[in-house]
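I have placed the structure first, in the form of structure tokens, so that the comments after it can refer back to it.
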């Protein structure tokens, strides 16, 4: 459920007409609903209220510090994968003891920053990474709190690019090797073992892969206990999917029931890393029609491109596209394409859409996750604005980039001569 609804054929975000925001900030822009974000976090977190747990939002899915603060105010933490995300989480006021650091390629500098910040734990993905953590912790005179990301070799039944729990994926330590790695870590003087971590993929629409992973992890935790290694935290990652088109993903309550049933005999704090399920349907991309043209097929050319929303080009992902001002006009089959100089620059292909003309506004739905966070400056296009609606008012939470920002940090060597604009 989300708060983008039509009232008298005009699309609203909560109690505010979307067109009002477009007139104020220009297009394209990302638009988020504070009410939807709050409801989604609350529904997910309350589903696990009966057991010790920590809900750490996956910052990579939507990294704006206003949204991170909203979740922090609701008691949430952060799942981060870079020093930049650590900086964002701290800037948003998230308690370091509610931050877990994942990622397969942490640098020594990033590890050092995380240890200095006093985060809850680092999710270690390789033996070589463990050695770097030991070195950095020793240099700081600290004991590094760690969990190991175990790869359970479970098929998440999702897109190949967002599958992370199979043996052929780059993530984690194979479950067959994990006991040896834990025993080695137990002997390191600057390492404190806190947990076991697992993340099998994104946009999962079935509960069974989560349960299959958890069954394997429980058996592994029992092996650790036999070796005198007590686990206080179990990080199950994120990955719960949302409805983009005709998917029927489980509700948080159904997901939680299955997880809690398997956890009944484990005495540890559960860490969850939801991302898409909290923000995906809480955000939309608003774009304006520039032109239409017809040849062998019809094209609707808009001012948002693959640099603004990469998912259709990258994953051939489906996003529902709706007119901001709905009318009873005829529908037509068309491609919605952007201004980028790539044939792969599209938001939809062969889609049945209402007839539109230049100046009309379109809403690309379910764009809150991996929308702005994956955007770029390709074709030297400034990244778009982000706006948060609260009731009948809106807040600009990220200003549109300027042309000047595009060349910030660049310079022309003296031997090339002076330049001017």
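The values are calculated or read from the model by the stated rules, or taken from the named source; none is laboratory data. Quick caveat, the model's predicted, so the values are computed rather than measured. All Cβ positions, even for glycine, are placed from backbone atoms using ideal geometry, and neighbour counts span all protein chains on display.
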Worksheet item: What tally of residues in the range 67-86 results from selecting those that are surrounded by fewer than 18 Cβ atoms within 10 Å (Cβ to Cβ) and touching a strand residue (DSSP E or B) at 6+ places or on another chain (Cβ under 9 Å)?
Response: 2
Discussion item. Which condition from (1) under 28 Å from residue 66 (Cβ atoms); (2) in a loop (DSSP other than H, G, I, E, B); (3) touching a helix residue (DSSP H, G or I) at 6+ places or on another chain (Cβ under 6 Å) is the one that residue 308 breaks?
Written reply: (3)
Practice prompt. Being surrounded by 15 or more Cβ atoms within 10 Å (Cβ to Cβ) and more than 22 Å from residue 69 (Cα to Cα) is the filter here, so list the residues in the range 22-37 that pass it.
Written response: 22, 25, 27, 28
Discussion item. Checking the structure you have, find out if any residue of the range 149-171 is at pLDDT 85 or above, farther than 30 Å from residue 247 by Cα and touching a strand residue (DSSP E or B) at 6+ places or on another chain (Cβ under 9 Å).
Written reply: no
Response to the item:
Only unsatisfied item for residue 12, checking (1) assigned by TED's automatic domain parsing to the domain that holds residue 365; (2) in contact with a helix residue (DSSP H, G or I) (Cβ under 9 Å, 6 or more places away or on another chain); (3) crowded, with 17+ Cβ neighbours inside 10 Å; (4) in contact (Cβ under 8 Å) with a residue 40 or more places away in the chain, is (4)
Discussion item. Among the residues in the range 231-254, are any in a helix (DSSP H, G or I), in contact with a helix residue (DSSP H, G or I) (Cβ under 9 Å, 6 or more places away or on another chain) and touching a residue at least 40 places away in the same chain (Cβ under 8 Å)?
Written reply: yes
Practice prompt. Answer yes or no: is there a residue in the range 283-302 that is outside any strand (DSSP E or B), touching a residue at least 24 places away in the same chain (Cβ under 8 Å), assigned by TED's automatic domain parsing to the domain that holds residue 400 and surrounded by fewer than 18 Cβ atoms within 10 Å (Cβ to Cβ).
Written response: yes
Practice prompt. Answer yes or no as to whether residue 278 is in a loop (DSSP other than H, G, I, E, B) and in contact with a strand residue (DSSP E or B) (Cβ under 7 Å, 6 or more places away or on another chain).
Written response: no
Worksheet item: On the given criteria, is residue 103 at pLDDT 95 or above and either surrounded by fewer than 22 Cβ atoms within 10 Å (Cβ to Cβ) or in a loop (DSSP other than H, G, I, E, B) (or both)?
Response: no
Worksheet entry | the range 106-139 - residue that is at pLDDT below 95 and surrounded by fewer than 22 Cβ atoms within 10 Å (Cβ to Cβ) and, of those, farthest from residue 236 (Cα to Cα) | 128
Worksheet item: Can you tell me which residue in the range 181-195 is nearest to the chain's Cα centre (by Cα), limited to those that are touching a residue at least 24 places away in the same chain (Cβ under 8 Å) and not in a helix (DSSP H, G or I)?
Response: 195
Item to complete: Examine the range 201-213 for a residue that is under 21 Å from residue 175 (Cβ atoms), touching a helix residue (DSSP H, G or I) at 6+ places or on another chain (Cβ under 6 Å) and surrounded by fewer than 19 Cβ atoms within 10 Å (Cβ to Cβ), and state whether such a residue exists.
Response: yes
